[in-house]
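Student: Structure below; questions to follow.
Bear in mind that the values in this text are calculations on the coordinates, not laboratory data. Predicted model, so just to flag it, every value in this text is computed and none were measured. Don't worry about glycine lacking a Cβ; one is built from the backbone with ideal geometry, like all the others, and counts go over all protein chains shown.
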Amino acid sequence: MTRSTARPAQRRLATAAAVLAATALVAACSGGDADESASTGEDGEPGGSIVVSTFPFGVEQFQEAVIDPFTEATGITVEVETGSNADRLSQLELAGDRSGVDVMLISDSFAAAGQEKDLFQSFGAAEVPNLEEIADFAVEEGFDGPAYSYQLNGILYNTDEVTAEEAADWSLFEDANLSGRLAFPDFSVTAGQLAVSGVAESYGDGPYDIDTAYEVIGGWAPGILQFYSSSTEVTNLLTQGEIVAADSLSGFATTLVASGEPVAWTAPAEGRYMATNRAMIPAGAPNAPAAQAFIDYLLSVEAQTASAEIVGDLPVNLAAEIPSEITDVVGDIATDPIAAGYATLDPAETTPNRAAWLERFAREVSSR
């Protein structure tokens, strides 16, 4: 997708136009006789209802932070469907134009996989004005839809057992004194690719030097208690004292830190990678205009601030407020992850190789 080169004044005009459109939409949707499933109201503005496909966790919080305020502001009703990234993408591919999904919120690697099969449609700032207000990495080329949040990879650790300096060094995983008390993500989960690329950069020739990464991590494998496949799994291992550290997404730490557990999260000294969650519109979306309106709201200051506070999502809108619960975990990284040394991975490199890398990880790393 591409970003418009509009100047700040033009951006303000675009935002004002969006607000006026939303106001007109509310009036249109209160008329009472319009067909609820129609994609536009009598005045041509988006209306009716949409289906949003999203992750299975934090749904009630997302409803409170984004969906209910969106419906109140626009009159567009939202039906939520949930499931894993893989399951939802497979269902979309099988159903095609009959899926009924208008917006799919999905992690970047699966979004890229869907694009290779032409499952999504592109759009720009003309349809979604708030694309002008979000961070550059959120509208990077290679994706048909923008990032609406992101996830930082790093190390989650017990502060009574491990120091921040120790946690920030990948050599933590080869420490014989910690053997059997460490966890590492399976390649199948979001943190898996990020961790592998972090090791590849730190020990090899760059984030896609998988041969070196697997040789290194495979050497660590005998001392790793668990190659985990869910956030619940790794946080339980940590709070129950079975492990003292794990490579993990920063969001896993938020609740633990807020609860007063002796837990912290730190970014690695090198090999810093992040994943994005993206808002995509399926190629056969029944109500594309309302889908665009939903994504525009999702990227707004209001929704990004509420989502950060209630859901715990790291915001991509540069003007969104970031709550202390997030900054207590990641500090200033939340204000500008790129300046803090974080990078996203190129889907042109990861997507074609993902299946092979997944198979190799199981054979060369986690089975050792």
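Student: How many angstrom lie between the Cα centre of the range 244-273 and the Cα centre of the range 105-121?
Tutor: Centre-to-centre (Cα) distance: 28 Å.
Student: Based on the Cα atoms of the range 242-368, what semi-axes does the equivalent ellipsoid have, where each is the square root of 5 times one gyration tensor eigenvalue, given in whole Å with the largest first?
Tutor: The answer is 28, 25, 14 Å, longest axis first.
Student: With a Förster radius of 51 Å, plug the Cβ-Cβ distance of LEU94 and ALA168 into 1/(1 + (r/R0)^6) and report the FRET value to the nearest 0.05.
Tutor: E between LEU94 and ALA168, to the nearest 0.05, is 0.70.
Student: Just grab the label-to-label distance for SER259 and SER324, each label 7 Å out from Cα along the Cβ direction, in nm (one decimal).
Tutor: 2.0
Student: Can you give the convex hull volume of the alpha carbon atoms of the range 174-267 per residue, in Å³?
Tutor: 92
Student: Let me ask another. Please report the base-10 log of the normalised intensity I(q)/I(0) for the chain, using a Debye sum with one equal scatterer per alpha carbon and no solvent, at each q in 0.06, 0.09, 0.10 (1/Å).
Tutor: -0.23, -0.52, -0.63
Student: Nearest 5 percent is fine: what portion of the DSSP beta bridges confined to the chain is antiparallel?
Tutor: About 60 percent, rounded to the nearest 5.
Student: Sequence gap at least 6, Cα distance under 8 Å: using those rules, report the relative contact order of the chain to the nearest whole percent.
Tutor: Over the chain, the number comes to 24 percent.
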